[in-house]
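FYI, it's all coordinate maths here, none of it is from the lab. Computed from a prediction, not measured in an experiment: that's the story for all the values here. Please note: Cβ atoms are built from the backbone with ideal geometry, for glycine as well, and neighbour counts cover all protein chains shown.
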Amino acid sequence: MNDFLFASALTLFAGLATGAGSLLALTTRRTDAKFLSVSLGFSAGVMIYVSLVEIFVKAQDSLVAVLGARAGAWATVGGFFGGILLIAVIDRLVPARANPHEYPHDDDGRSRRLMRMGTMTALAIALHNFPEGFATFVVAMQEPSLAIPVVVAIALHNVPEGVAVSVPIHHATGSRRKAFQWSFLSGLAEPVGGILGYLLLRPFMTDTVFGVVFAGVAGIMVFVSLDKLLPTAREYGEHHLSIYGLVAGMGVMALSLLLFL
């Protein structure tokens, strides 16, 4: 029960970062783009390193112990790319392509278009957050020592998502409250996805299923880093800033893992 509450709290924290991004957008006139670029690169570095160096390896160890060396290795790779395929399909079904600064809000037609853009972005982020929340929850349940850096990385990733939801809705309606509500609700999909996914799979969680799921978690986190974090980081700042953040994230993650050996 304590592990479950710990995982739930961390996943909720990651999801609420979407609301924090909304508050940041609605209460400040200008965001420090360079800082955000480095932060997103740092988040990607943490997630990529921990996925490939720790989570993938632990999944393979678990599967090899149950299935043997050859079958275990194949199952791990299958789970990894299965996770990538899952999150890629979700992103293709509901693409979040909204640009909150593209249209002014001086007529009703453009206001309606902005409102549609904001709500579709909120729905896209909510759907995207379900498997992301599950990945966070599984890491927190199975590897608590990895949970906090992973959750911080995902929370940083969720901040610009809150901006993407709240800005167009605020411009369309003039209501900060509505903008925050949509952003907050889209972020709640993260803990809901984590808890529901874990509860649904828990009765079937054999060593084999655990290994495949853990490999899938690694795939999801790598895809999110490459498809979301790094491109967004480059949009907010110079190319080198995102790479510096990426390397720093990997270095900090590597050092933290070594300190806990």
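General remarks:
- For the stretch 141-255, the alpha carbon positions stretch 51, 36, 21 Å along the principal axes, listed from largest to smallest.
- Under the simplified labelling scheme, the ASN2-LEU199 pair shows an inter-label distance of 2.3 nm, with each label point 7 Å from Cα along Cα→Cβ.
- Theoretical FRET efficiency, 1/(1+(r/R0)^6), r = Cβ-Cβ of LYS34 and VAL57, R0 30 Å, to 0.05: 0.30
- Exposure proxy ranking for HIS157, HIS170, based on other Cβ atoms within 10 angstrom of each Cβ and starting from the fewest, stands as HIS170, HIS157.
- Projecting label points 7 angstrom from Cα along Cα→Cβ for THR27 and LEU185 puts them 2.2 nm apart.
- For the stretch 128-160, the residues whose amide N sits under 17 Å from a probe point set 7 Å from the Cα of ASP227 along the beta carbon direction are 128-136, 154, 157-158.
- The LEU93 and LYS178 beta-carbon pair, evaluated with R₀ = 22 Å, returns a calculated FRET efficiency of approximately 0.30.
- Unit charges at the beta carbon, dipole of the stretch 158-254: most positive-side option, LEU241, ALA179, ALA218: ALA179
- Taking MET141, MET205, MET221, MET253 and counting other C-beta atoms within 10 Å, the order from fewest to most: MET205, MET141, MET253, MET221
- Residue exposure proxy: TYR198, TYR244, ordered by other Cβ atoms within 10 angstrom of their Cβ from fewest to most, comes out as TYR244, TYR198.
- Spin-label model, GLU143/PHE81: points 7 Å from Cα along the beta carbon direction are separated by 2.2 nm.
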